[in-house]
Amino acid sequence: MDSQTPRNLGPERSMTAPRYMEIPTFMRSSLITDLDAFDIAMVGIPYDGAVTNRPGARHGPREIRNASTMMRSIHPVTRINPYRLCRVGDAGDVPFTRAYEVEETLNDITRFFTQLYEADVVPLAAGGDHSVTLAILRAMIVDGPIGMVHIDAHTDTWDEFMGCKFMHGTPFRRAVEKNLIDPGRTVQIGIRGAQNKTEGWDYSLDSGMRVIFMDEFTKIGVAAVIDEIHRVIGDGRAYISFDIDVLDPAFAPGTGTPEVGGLTTIEALTLLRGLNPLNLIGADVVEVSPPYDPSGNTALVGATIMYELLCLLAEAVSRG
Ligand code: MN
Ligand code: MN
């Protein structure tokens, strides 16, 4: 094999080769060695040093990669094939220089995603706990704040926890403070679960975010939620951050802070399928924690959500 040949199979051969074969990159895509040859990069961020409670999301990328070998290419509803629209690959995992230090780790992530941004490669990340999203946003925002579709059981807009301002309950508050996201063009979807203090809910609402609590979601339904997202986000640049704990733990138990009474998988897929044509510049799936996922189903759900996001990103990239 010459050195120019991608070590992995790439979408053409990989979709015909047996799925249990070869290195399990995301979606069996090619491993990226040259950023100039790709439009969309899937990236693993195996970090869970910023959780409030149950860890394990550091194992998310590997298990999602493994489960993603179950994914195929042509979308069952839209019939688009993201691999025909774009050059899609796996850029590997973010390397960490000081993994026991949260802020240094977030700086490593920002550095990695800055390389992608400067090469005009759109990122699709797999966490990791939700602290990583702030680091990704820092790499991508140079022309003013963007819109945010934040799908999660939690607002993640606390100020701090145990003295730390950079943990998985704070990224969207930091992102507003740093002018990375526009709270007036931010929608939070699926929020639920009792709190000991209402600080996060209050910050989101007071800053001007549109917060669709699970109670409202259930009353108005998926179609109305999609309309509301398009109304708030408009046609400016936007990012989707999908915390797997937005799903009911019946569908996705493998996560650190599960909350019952969440979305079903078909509600989540329908929601994402309604988001075209948002002007997307990136997306992530976070908080898949394989040690709490004995059946492996949460990783499969995470891989499937990644595929849906990949289709949205491929359509956005192909529109230019
Ligand atoms: Mn979250
Ligand atoms: Mn959450």
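The values are calculated or read from the model by the stated rules, or taken from the named source; none is laboratory data. Nothing here was measured: the structure is a model prediction, and the numbers come from that model. All Cβ positions, even for glycine, are placed from backbone atoms using ideal geometry, and neighbour counts span all protein chains on display. For accessibility, only protein heavy atoms count, side chains too; no ligands or nucleic acids. Shrake-Rupley method; radii C 1.70, N 1.55, O 1.52, S 1.80 Å.
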Only helices counted: for the chain, with every DSSP H run of 4 or more residues adding -39500 (n - 2.57) and the sum spread over all residues, [θ] at 222 nm is -10500 deg cm²/dmol
Heavy-atom accessible area per residue of the chain, all protein chains kept, 1.4 Å probe, expressed in Å², is 42
Expected max-MSF residue from 235, 143, 202 in the GNM of the chain (alpha carbon, under 10 Å) is 143
In whole percent, the fraction of accessible protein surface over segment 11-318 that belongs to carbon or sulfur atoms, probe radius 1.4 Å, stands at 52
Ranking 72, 192, 138 from most to least accessible area with a 1.4 Å probe gives 72, 138, 192
With all protein chains in place and a 1.4 Å probe, residue 310 shows an accessible area in Å² (nearest 10) of 0
Here the gain from full extension of residue 161 to residue 205, 0.36 nm per residue of separation minus their alpha-carbon distance, amounts to 13.9 nm
The orientation-averaged projected area of the Cα convex hull of segment 99-149, in nm², is 3.9
Within the set 279, 66, 179, GNM on the chain using Cα springs under 10 Å gives the largest fluctuation to 179
P(r) of segment 133-263 over all Cα-Cα pairs, 10 Å bins starting at 0, rounded to whole percent, reads 13, 45, 35, 7, 0
Here Rg/Rh (Cα, Kirkwood) for segment 59-109 equals 1.15
Rh (Kirkwood, all Cα-Cα pairs) for segment 31-179, Å, reads 16.4
Cα-based Rg and Dmax for segment 145-198, in Å, come out at 11.3, 31
The Cα extents of segment 93-207 along the principal axes, largest first and rounded to whole Å, are 40, 31, 22
Cα-based Debye curve of the chain sampled at q = 0.09, 0.12, 0.14 Å⁻¹ gives log₁₀ I(q)/I(0) of -0.40, -0.73, -1.04
Taking segment 252-320, the whole-percent share of alpha-carbon pairs separated by over 15 angstrom is 57
Largest-first ranking of 165, 197, 178 by accessible area, probe 1.4 Å, whole protein assembly kept, is 178, 197, 165
Length gained if residue 62 through residue 114 is fully extended, taking 0.36 nm per residue and subtracting the Cα-Cα distance, is 16.5 nm
Highest GNM mean-square fluctuation among 137, 278, 269, for the chain with Cα springs under 10 Å, belongs to 269
Those helices of the chain passing the 18 Å axial Cα length cut-off and the mean Kyte-Doolittle cut-off of 1.0 (DSSP H runs only) are 297-319
Ranking 111, 28, 273 from most to least accessible area with a 1.4 Å probe gives 111, 273, 28
Quick calc, residue 318 & residue 16: beta-carbon distance into FRET formula, R0 35 Å, rounding 0.05, result 0.90
Probe 1.4 Å, all chains present, heavy atoms only: residue 213 accessible area in Å², nearest 10, is 60
Expressed in square angstrom to the nearest 10, the accessible area of residue 270 with a 1.4 Å probe stands at 60
Length gained, residue 54-residue 103, 0.36 nm per residue minus C-alpha separation, equals 15.6 nm
